Amino acid sequence: MKPILFDILGFKVYGYGFMIAIGILLAIMLFIRKMKSKGYDEDKAYNMIFISIISGVLGGKILYILTNFKYTIKNPKEIIENFGYGFVIYGAIIAGILVVYLYCRKEKWNALEIFDFIAPAVALGQGFGRIGCLLAGCCYGGVTNGPLYLVFPEGSLAPAGLHLHPTQLYSAIFDFLLAIFLLWYGKNRARVKGEVFSLYLIIYSIGRILVEFLRNDPRGEVGILSTSQFISIFILIGGTIILKQRQRKREN
């Protein structure tokens, strides 16, 4: 764990934010490259990115507050005080999808094609985000007796001195592999628009459900499921419906 990567003239560079920034920059580069290769207006693409990033951050923060403070927050002031802490990626994904869809409608772009371009970029960005989680000590796993574990020091967000599942590393590796697979599939196997996007939804939701079983950080719950597992079920169903519909179109 390394919350502060380095200090430049008194300005502290935090590991979590630094990795998020790298992930966003690389995701933007990957997405813009694809948009330009398909002849889309670059300025409009950047406008969409800017709006979707802001919406994603707000969505992720709002869902974090709703899932983690629903029983403790007593007044609006506490919401503002806790807004700077925590993030739920599904809130960002859902808000981002909505904003991108509306922007595509406005510009008369094919939304499914744009989502195909976005999917591997998002997976890549998520991978760097999970490395940021590791540096910050958040999103930690439960205690394990297995050969793979992490031990966090005192002062960490994770319990100190225990052998914990390295869920941040599991997630990061999974996200990077997912990005590589989606890029390969989009180049070599995809035949109709929306296939890559639907595969992202399906594969990511399955991976998220599995990793959540190993996590032990407070992240909200819906019955016996974590909030993210509950949302993943609907994301998985939605992705499957889109994939089946696109496959039927390909066959026709």
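The values are calculated or read from the model by the stated rules, or taken from the named source; none is laboratory data. This is a predicted model, so every value here is computed, not measured. For neighbour counting, all protein chains shown are included, and Cβ atoms are generated from backbone atoms with ideal geometry for every residue, glycine included. Heads up: the accessible areas ignore ligands, DNA and RNA and are worked out on the full protein's heavy atoms, side chains in. Shrake-Rupley method; radii C 1.70, N 1.55, O 1.52, S 1.80 Å.
Relative to the longest principal axis of the Cα atoms of the chain, the long axis of helix 167-188 makes an angle of roughly 10 degrees.
Residues whose amide H falls under 5 Å from that of residue 14, counting only those 5 or more places apart or on a different chain, are 5, with hydrogens built in the peptide plane. Debye calculation, C-alpha points only, no solvent: report log10 I(q)/I(0) for the chain at q = 0.12, 0.17, 0.18 Å⁻¹, in the same order as the q values. Cα-only, vacuum Debye calculation for the chain: -0.75, -1.41, -1.53. The phi-based Karplus calculation (6.51 cos²θ - 1.76 cosθ + 1.60; θ = phi - 60°) puts the 3J(HN,Hα) values of the range 216-227 at 9, 8, x, 8, x, 8, 10, x, 8, 9, 6, 4 Hz, whole numbers, x for Gly and Pro. Between the range 144-183 and the range 1-32, how far is it from one alpha carbon centroid to the other, in angstrom? Using only Cα atoms to place each centre, the spacing works out to 19 Å. Against the longest principal axis of the chain, how steep is helix 111-136, in degrees 0 to 90 to the nearest 10, with axes from Cα atoms? Here the helix axis deviates by roughly 10 degrees. Which of the listed residues, 207, 174, 190, is farthest toward the dipole's positive end in the range 124-208, when Lys, Arg count +1 and Asp, Glu count -1 at the beta-carbon? Farthest towards the positive end: 190. For the set 38/106; 38/61; 108/249, the pairs lying more than 29 angstrom apart at their alpha carbons are 38/61.
Shown here for the range 88-134: trypsin sites (Lys or Arg not before Pro) in loop regions (DSSP other than H, G, I, E, B) with at most 15 other Cβ atoms within 10 Å, namely 108. Accessible surface for the chain, divided over its residues, is 56 Å² per residue with a 1.4 Å probe.
In terms of overall dimensions, the C-alpha atoms belonging to the range 100-199 reach 54, 29, 15 Å along their principal axes, ordered largest to smallest.
With θ taken as phi - 60° and the Karplus curve 6.51 cos²θ - 1.76 cosθ + 1.60 applied, the whole-hertz 3J(HN,Hα) list for the range 10-26 is x, 8, 8, 9, 7, x, 4, x, 5, 5, 4, 5, 4, x, 5, 4, 5 Hz, x standing for glycine and proline. Of all the options 222, 192, 88, the one that moves most in a Gaussian network model of the chain with Cα springs shorter than 10 angstrom is 222. In the chain, helices alone account for a calculated mean residue ellipticity at 222 nm of -23000 deg cm²/dmol, with every DSSP H run of four or more residues adding -39,500 (n - 2.57).
Using mean Cβ contacts within 10 Å as the protection proxy, how do 201-213, 13-25, 110-122, 36-48 order, highest first?
On the way: 201-213: 18.8, 13-25: 17.2, 110-122: 21.9, 36-48: 13.3.
By packing density, highest mean first, the sequence is 110-122, 201-213, 13-25, 36-48.
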